[in-house]
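The structure appears right after this line, and notes come after that.
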Amino acid sequence: MKFALILQLLLMHAFSNDVETYIKKGDELHKKFDNVNAALSYEKAYELALDNYEILLKLTIAYNDAGEEHVELRQRDLAKKYIDKAVHYVEIFHDKFPDSANVYCYLALSYGNLAMFRGGKEKIKLARVVKENATKSIRMSPNQFVSYVILGIYNREIANLGFFERLFANTFLGDVPDGSFEESIIMFNKALTILPKSIVPTYQLSKTYRYMGEDEKEKELLSKIFDYKIRDFRDKFAIEKAKRRLEF
């Protein structure tokens, strides 16, 4: 009996070590912007610990990152594959941890990314889902940096719909959600208050000013990001786009 208990304890310890090993490996890969392999490592950890909050959060983030990266690389089929994975895991995350602000932040991100692969009526429905979840995450936890960036993009893209696009959407797809350039600016500035000198919200804010025809404000913001720290793969793509806009 005593031997069986010792064996059980040893197996539990080994099991725990395996989970931590996969998480650690995933973290190392994610820091190197190897998003796909990071996600695969987190997935192995998840198979051993199905109710682990940290693993589900990391899985959702890594698969969204992998999907967005392949969108930038114009590899649409792979991008969709990884975004579908992100949606799968964020739904599990939501079922298991419905009281977490992070859940609603990454529901907004995952479904916002999914909208890239949808058209017409479903895209409008997903826009509402994105806004509702991002807003809810901020109500639950006001310092949700990612949610402010999401809402900045959401407001800009809704505001940028032309008269005939909006008329068509309202007529055939249902009411288009509200959004404005002014609210987009507010959201990006809130993100920058939480994480000053961050590249993505600065680049996205410059894009809002571009849509508004404020060329000087756009260029002023773009010129700043080259001195900012690169924190993830999105920053690298934003810098390349900024260079093209400034004709480097």
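Derivation of every value follows stated rules applied to the coordinates shown; laboratory data play no part. All of these numbers come straight from a predicted model, not from anything done at the bench. Note that we place each Cβ from the backbone using ideal geometry, even for glycine, and neighbour counts take in every protein chain shown.
Structure summary
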read-out: Relative contact order %, region 15-98, counting alpha carbon pairs below 8 Å whose residues are six or more apart; value: 25
read-out: Cβ-derived FRET efficiency at R0 25 Å, Arg231 paired with Asp18, nearest 0.05; value: 0.25
read-out: Helix 2-31 axis, angle to the chain major axis (alpha carbon atoms, nearest 10°); value: 20
read-out: Computed helical MRE - 222 nm, the chain, DSSP H runs ≥ 4 contributing -39500 (n - 2.57), nearest 500; value: -26000 deg cm²/dmol
read-out: Order of Glu43, Glu247 - criterion: other Cβ atoms within 10 Å of each residue's Cβ, fewest first; value: Glu247, Glu43
read-out: Nearest-ten-degree value, helix 101-114 long axis tilted from longest Cα axis of the chain; value: 60
read-out: Theoretical gain in end-to-end length, Arg128 to Asn189 [0.36 nm per residue, Cα-Cα removed]; value: 19.7 nm
read-out: Extended-chain gain in nm, criterion 0.36 nm per residue less alpha-carbon gap, Leu161 and His88; value: 23.3 nm
read-out: Between helix 199-211 and the chain: long-axis angle, C-alpha atoms, 0 to 90°, nearest 10; value: 30
read-out: For region 38-124, alpha-carbon Rg over 2.2 N^0.38 Å; value: 1.07
read-out: Value of D in µm² per second that Stokes-Einstein yields for the chain, Kirkwood Rh from Cα pairs, at 4 °C (1.567 mPa s); value: 66
